[in-house]
Structures are given as structure tokens and as C-alpha cells.
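The values are calculated or read from the model by the stated rules, or taken from the named source; none is laboratory data. Remember, it's a predicted structure, so these values are computed and weren't measured experimentally. In this analysis, Cβ positions are derived from the backbone assuming ideal geometry, glycine residues included, and neighbour counts consider all displayed protein chains.
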């Protein structure tokens, strides 16, 4: 990834390089980023040559190549986010069999967290363990690495982690097993750890989702 490559080289950046670096980080999602090198140099307050030197420091021939690379990465990321958001919505719908209880903004937030986190854990108990497995399979199918566990029977795997998402699927809300697990996850303060609960009903069409995965 371009931003990872820039971060690795950051220690060697000059004051001028840092201006360019900060501009890219701040404006890469905006229309301003797609301007020509001459236009960009005026906005940042540096020369065209300085931008070219910066691009070469991060192993690109020039501004056009760097610009094209980041544009491609952003498009790929948007496509992946849309895919995750769609899977999260479909899975939550399959659990409740209705759109009435689905908060679209919450789905976007969960999808964003899933995409940005290093570890995704999905927990269930009894019937909802099957639902947790189905959710995991759906995410695995779109190349999101996730794991599923049984809340009461696999407590050794329920551990707080930095940069992680923990999703509990329950037919009885914050029941004692879920509460114990959540308490365990929150005993230590972790960086970027998110915990969500999803309500379920016995009418879930989760088996269809598993069959769809196998058939796919």
C-alpha cells in the first residue's frame, strides 16, 4: 500500500517532503488530489521538482504514477468496503428476518470496523453458534479473515486484543454468558477494540447462507 510505503520512509523525509506527505494523507480522498502536479505544487507551496523527488523516494517515477496508484487503491478499498457492508446487512437480516430493526448507520460502522481491524471474532451459543459460523463463512468468502467461537464452551479463546472486533450473536440479549465474555474483554484497555451484539430469532435462514457459501 502507498500509505504504508510512505510511513516506512517518513523518518528520512525533509521538511518539504513532510508537506507533500501530509497533503497526500489529508487530501487523497478529495477531488483536489487528482489535479496536475503544477496545480498541486501551488497548493502545497513546493516546486514541481520537489514533488518528483518525493515520488522517487517512495519508489514511483513521478506524480502521475503515484497518483494513479493511490486512486487504484482507494477504488479497491471502496469496493471491498461495499462488499463487507453488504455481507453484514445480509447476515443481520437473516438473523431477524426483518429490515425494521436494522440500523443502516450501525451496519456501516460495523462494516468499517471489520475492514479496518486485524482480528475479527464472532461468538454464538447453541443455535446462534451455527449463525456465528455462517457469518464467519460469509466474511471468509470475501477474503476477510474471521474466526467463530462458542461463548460458554470456548472461553479460553475469548481474549482482549488490540485492533479487533468482537461480535456476539444472541437470542437473549446480554445474558450471563455474554456478560461474562464482555467483562473478560474489557478487563484490560486495548487500542481500537470494538464489541457489538446482534439479536437473533429462531426464524433465521442461516442454513441457506451456509449452503450458499458451500455452493459458491
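Values for this structure:
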item: Residue list for region 139-179, filter: surrounded by 14 or more Cβ atoms within 10 Å (Cβ to Cβ), touching a helix residue (DSSP H, G or I) at 6+ places or on another chain (Cβ under 8 Å), in a loop (DSSP other than H, G, I, E, B) and at pLDDT below 85; result: 144, 171
item: Selection count where residues are assigned to a loop (DSSP other than H, G, I, E, B), surrounded by 13 or more Cβ atoms within 10 Å (Cβ to Cβ) and in contact (Cβ under 8 Å) with a residue 24 or more places away in the chain, scope region 48-67; result: 2
item: Any hit, region 188-208, residues being at pLDDT 85 or above, under 20 Å from residue 133 (Cα atoms) and part of a helix (DSSP H, G or I); result: no
item: Residue list for region 115-126, filter: assigned to a helix (DSSP H, G or I) and either surrounded by fewer than 15 Cβ atoms within 10 Å (Cβ to Cβ) or modelled with pLDDT of 85 or more (or both); result: 116
item: Subset tally (residues that are in a helix (DSSP H, G or I) and within 12 Å of residue 67 (Cα to Cα)) for region 32-47; result: 5
item: Only listed residue being under 29 Å from residue 145 (Cβ atoms), at pLDDT 80 or above and assigned to a helix (DSSP H, G or I), chosen from 8, 20; result: 8
